[in-house]
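Participant: One structure coming up, written as structure tokens, with questions to follow.
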Amino acid sequence: MKKVNDNKTNLSNEKLIELILELKKKRNAVILVHNYQSPEIYKVADFMGDSLGLSVKASETDADVIVFCGVSFMAETAKILSPQKTVLLPNMEAGCALADMATVEKLKKVKKAHPDAKVVSYVNTNADVKAMSDICCTSANAVKIVNSLDCDKVIFLPDKNLGRYVSKHTDKEIILWDGYCFVHEKLDSKVLLDFQKKYPDSKIIAHPECKDELLEVSDHICGTGGMAKFAKSDGSKDFIIVTECGMTDKLREDVPQKNFHSFCNICPFMKFTTLELIVKSLTLNQHEIVVPKDIADKARIAIQRMIDVSK
Ligand code: 13P
Ligand code: SF4
């Protein structure tokens, strides 16, 4: 087998895919792929999905190795749920700017200011922040998770847009964090409405990380896992997809009978994974995710609570 040591090789995508499938078998590995990844990565996926679906899969697999094609908080979540497995992130640069907006130091201060509140952390947080949280949530289950809690006040972090969206669907007081995802935050409602004029019969499906005024003009708000479901069940033929650009490619594959128009930005972190790096990852066992045991043990409680409430 050809040894692949560089990030770029002369091998075709077909050859790289063949190599990955071979290595996957050899190492008893599964490849989990987030919906925002590029289409060539779909071809090596054992499972594709949203943050919630990927967390559940990571907790259920009996493979020895999990290769995560997504970003670091997702790979960390997989490691926390399956501490005995090897979890690999092909590119360590694949972080998440939103996750980095929540720090342990700041959370300590906010908790002190609101001692009667429970802490709900979006899975887009680093493991140390999850370890200080009562429960995690994703965009697919945030409202359900908050409403499941036995308290009147919730510190919701780090995404203020998702937090605001949740606050409209609960009686609880929501303490918002000042975090946002720049990929979604930059999408503008006026520009969107102008764009919609090109497709007058279209419906707008938006991710809840978008700003409030954009969500106000959308027909449906959901995480990446809910988008295909809505497009399939809705009578419209045309949809404008307002989120990271990769989602539209995924929808075109999953729902070929409908038309999807992208109103999007690229998340650079989600595009750091390449076929070459997956080969390298499985060949050289890199980059192995490590979460200190004390942090992982606490974070696991918050993640597992989320999975249990979501069932
Ligand atoms: P989903 O949980 O909807 O897949 O979203 C993950 C994410 O990173 C959104 O920016
Ligand atoms: Fe993080 Fe935003 Fe990228 Fe999602 S789209 S991984 S929230 S930076």
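The values are calculated or read from the model by the stated rules, or taken from the named source; none is laboratory data. Note that this is a predicted model, so its numbers are computed, not measured. All Cβ positions, even for glycine, are placed from backbone atoms using ideal geometry, and neighbour counts span all protein chains on display. Ligands, DNA and RNA are excluded from the accessible area calculation, which covers all protein heavy atoms including side chains. Shrake-Rupley method; radii C 1.70, N 1.55, O 1.52, S 1.80 Å.
Participant: Which cross-chain or sequence-distant (5 or more) residues have an amide H under 5 Å from the amide H of ILE155, H modelled 1.01 Å from N in plane?
Facilitator: The answer is LYS118, VAL119, VAL120, ILE175.
Participant: Still on this structure, please answer the following. For region 298-311, just list the computed ³J(HN,Hα) in residue order, Karplus coefficients 6.51, -1.76 and 1.60, θ = phi - 60°, integers in Hz, with x standing in for Gly and Pro.
Facilitator: Computed from phi, the couplings for region 298-311 are 6, 5, 4, 5, 5, 6, 5, 4, 4, 5, 5, 5, 6, 5 Hz.
Participant: Is region 105-184 best put as rounded, prolate or oblate by its Cα gyration tensor, with a ≥ b ≥ c the root eigenvalues, rounded for a/c under 1.5, and otherwise prolate when a/b is larger than b/c, oblate when not?
Facilitator: Numbers: a/c = 1.38, a/b = 1.01, b/c = 1.36.
Rounded.
Participant: Oh, and also: Excluding residues fewer than 8 places away in the same chain, name every one of the lysines whose C-alpha is closer than 28 Å to that of LYS108.
Facilitator: Excluding near neighbours in sequence, the set is LYS79, LYS118, LYS130, LYS144, LYS153, LYS160, LYS168, LYS172, LYS211, LYS293, LYS298.
Participant: For the chain, what is the percent of antiparallel DSSP beta bridges, rounded to the nearest 5? Don't skip to the end; give the middle numbers.
Facilitator: Working: 1 of 37 bridges.
The antiparallel fraction comes to roughly 5 percent.
Participant: Going by amide H atoms built from the backbone, whose H comes under 5 Å of the H on GLY179, apart from near neighbours?
Facilitator: Residues meeting the amide H criterion: LYS160.
Participant: HN-Hα J couplings of region 117-122 from phi, Karplus 6.51/-1.76/1.60, θ = phi - 60°, integer Hz, Gly and Pro as x?
Facilitator: Once θ is set to phi - 60°, the couplings for region 117-122 become 8, 8, 9, 10, 9, 4 Hz.
Participant: From the backbone phi of region 23-32, what are the Karplus-calculated ³J(HN,Hα) couplings (6.51 cos²θ - 1.76 cosθ + 1.60, θ = phi - 60°) in whole Hz, Gly and Pro given as x?
Facilitator: 5, 4, 5, 4, 9, 6, 10, 10, 10, 9
Participant: So, with a 1.4 angstrom probe, what is the percent of accessible area on region 127-193 that is carbon and sulfur?
Facilitator: Whole-percent figure for carbon plus sulfur exposure: 46.
Participant: Okay, moving on. Using label points projected 7 Å from each Cα along Cα→Cβ, tell me how many nm separate ASP194 and ILE266, to one decimal.
Facilitator: Inter-label distance under the simple model: 2.2 nm.
Participant: Then there is this: Quick one: dipole size for the chain, taken about the Cα centre, charges +1 on Lys/Arg Cβ and -1 on Asp/Glu Cβ, in debye to the nearest 20.
Facilitator: Numbers: 44 positive and 43 negative charges, 82 e Å.
Result for the chain is approximately 400 debye, rounded to the nearest 20.
Participant: Something else now. Among 66-78, 235-247, how do they line up by average Cβ neighbours within 10 Å per residue, starting with the highest? Provide the component values of the computation, followed by the final result.
Facilitator: Numbers: 66-78: 26.5, 235-247: 20.6.
Sorting 66-78, 235-247 by mean packing, highest first, produces 66-78, 235-247.
Participant: Another question, if that's okay. How much mean residue ellipticity at 222 nm does the chain get from its helices, if each DSSP H run of length 4 or more adds -39500 (n - 2.57) and you divide by all residues, to the nearest 500 deg cm²/dmol?
Facilitator: Here the helix-only value at 222 nm equals -12000 deg cm²/dmol.
Participant: Further question: List the residues, sorted by chain then number, that are 5 or more residues from GLN37 or on another chain and whose placed amide H is less than 5 Å from its amide H.
Facilitator: Under 5 Å from the amide H of GLN37 lies no amide H from a residue far enough along the sequence or on another chain.
Participant: List the cysteines in the chain whose Cβ has no other cysteine Cβ under 4.7 Å from it.
Facilitator: Cys with no partner Cβ under 4.7 Å: CYS69, CYS96, CYS136, CYS137, CYS151, CYS181, CYS210, CYS222, CYS267.
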